[in-house]
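Here's a structure for you.
The values are calculated or read from the model by the stated rules, or taken from the named source; none is laboratory data. What you see is a predicted model, and the numbers here were worked out from it, not measured in a lab. Neighbour counts are summed over all protein chains in view; Cβ atoms, including those assigned to glycine, are modelled from backbone coordinates with ideal geometry. The protein model used for the area step is the full one, side chains on, heavy atoms only, and it has no ligands, DNA or RNA in it. Shrake-Rupley method; radii C 1.70, N 1.55, O 1.52, S 1.80 Å.
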Amino acid sequence: MSQQANPRGTFLKIADSVKRQIEDDPDMTELPSLAEVMRDHKVSRGVALRAFSVLRQEGVAEPAPGERWRVVRAGAQVDRRPLDQRIADVITADGLVVGEAFPSASALAERFGVSRPTVAKALEKLETAGVLAGGGQGKVRRVRALPIREERS
């Protein structure tokens with residue numbers, strides 16, 4: 001008789017497994033991808049998503065738009081702003097001026113720990129907003145305007 005996993009509660013076992021990974025690795029900052037969870041635990045996307053939902057409810061992890069889910073640790077400061085806003089801060093942080101070359105998508109992907117396609121989407125938003133100009137394959141992107149920081153109350 002073949003062993004078949006009981007679908008009821010499988011997502012809870014996966015959530016516990018991921019929690020153990022987080023506890024065992026204090027440097028872990030993001031969850032494994034859905035594809036990795038599906039492959040490692042031989043479950044469907046829906047089951048993996050339910051496991052992530054449990055982790056979210058327990059305050060262990062949170063979704064990050066355009067990125068992998070982040071590990072939430074008590075007392076840790078995490079910049080939860082959208083990626084395009086964090087990338088816009090590069091202008092100020094690196095002391096760039098209007099007309100100066102902006103870092104490449106590859107450099108930004110490495111700097112922020114995300115994929116190049118994710119960075120490309122954020123850069124498109126900045127181009128649409130008029131903060132960056134140029135870009136495209138093989139073209140250097142340049143600072144077009146300094147980003148305006150919104151004050152939060």
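Does residue 75 count as in contact with a helix residue (DSSP H, G or I) (Cβ under 9 Å, 6 or more places away or on another chain), at positive phi and modelled with pLDDT under 85?
no
For every residue, the table says whether it meets (1) open to solvent by 30 Å² or more (accessible area, probe 1.4 Å); (2) touching a Leu at 6+ places or on another chain (Cβ under 8 Å); (3) part of a loop (DSSP other than H, G, I, E, B).
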residue: 51; (1), (2), (3): no, yes, no
residue: 73; (1), (2), (3): yes, no, yes
residue: 85; (1), (2), (3): yes, no, no
residue: 88; (1), (2), (3): no, yes, no
residue: 99; (1), (2), (3): yes, no, yes
residue: 122; (1), (2), (3): no, yes, no
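Test residue 18 against the stated conditions and say whether it is in contact with a Pro (Cβ under 8 Å, 6 or more places away or on another chain) and either under 22 Å from residue 118 (Cβ atoms) or at pLDDT 90 or above (or both).
Here the answer is yes, as residue 18 does meet what is asked.
For residues that are over 14 Å from residue 143 (Cβ atoms) and either among the basic types (Lys, Arg) or touching a helix residue (DSSP H, G or I) at 6+ places or on another chain (Cβ under 8 Å) (or both), tally how many sit in the range 90-121. Please lay out each step first, then the result.
At the first step, the residues of the range 90-121 found to be over 14 Å from residue 143 (Cβ atoms) are 105-107, 109-121.
Filter once more, keeping what is either among the basic types (Lys, Arg) or touching a helix residue (DSSP H, G or I) at 6+ places or on another chain (Cβ under 8 Å) (or both): 105-106, 109, 111-112, 114-116, 118-121.
Result for the range 90-121: 12.
To keep it simple, each residue is scored yes or no on (1) among the aliphatic types (A, V, I, L, M); (2) on the phi > 0 side of the Ramachandran plot; (3) exposed (fewer than 14 other Cβ atoms within 10 Å of the Cβ).
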position	(1), (2), (3)
94	no, no, yes
109	yes, no, no
115	no, no, no
130	no, yes, yes
143	yes, no, no
147	no, no, no
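Conditions (1) over 21 Å from the mean Cα position of the chain (by Cα); (2) at pLDDT 85 or above, marked per residue:
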{"position": "4", "(1), (2)": "yes, no"}
{"position": "7", "(1), (2)": "yes, no"}
{"position": "12", "(1), (2)": "yes, yes"}
{"position": "25", "(1), (2)": "no, yes"}
{"position": "31", "(1), (2)": "no, yes"}
{"position": "51", "(1), (2)": "no, yes"}
{"position": "81", "(1), (2)": "no, no"}
{"position": "87", "(1), (2)": "no, yes"}
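For the list (1) more than 21 Å from the chain's Cα centre (by Cα); (2) surrounded by fewer than 18 Cβ atoms within 10 Å (Cβ to Cβ), I need the number of the one condition that residue 43 fails.
Of (1) more than 21 Å from the chain's Cα centre (by Cα); (2) surrounded by fewer than 18 Cβ atoms within 10 Å (Cβ to Cβ), only one is false for residue 43: (2).
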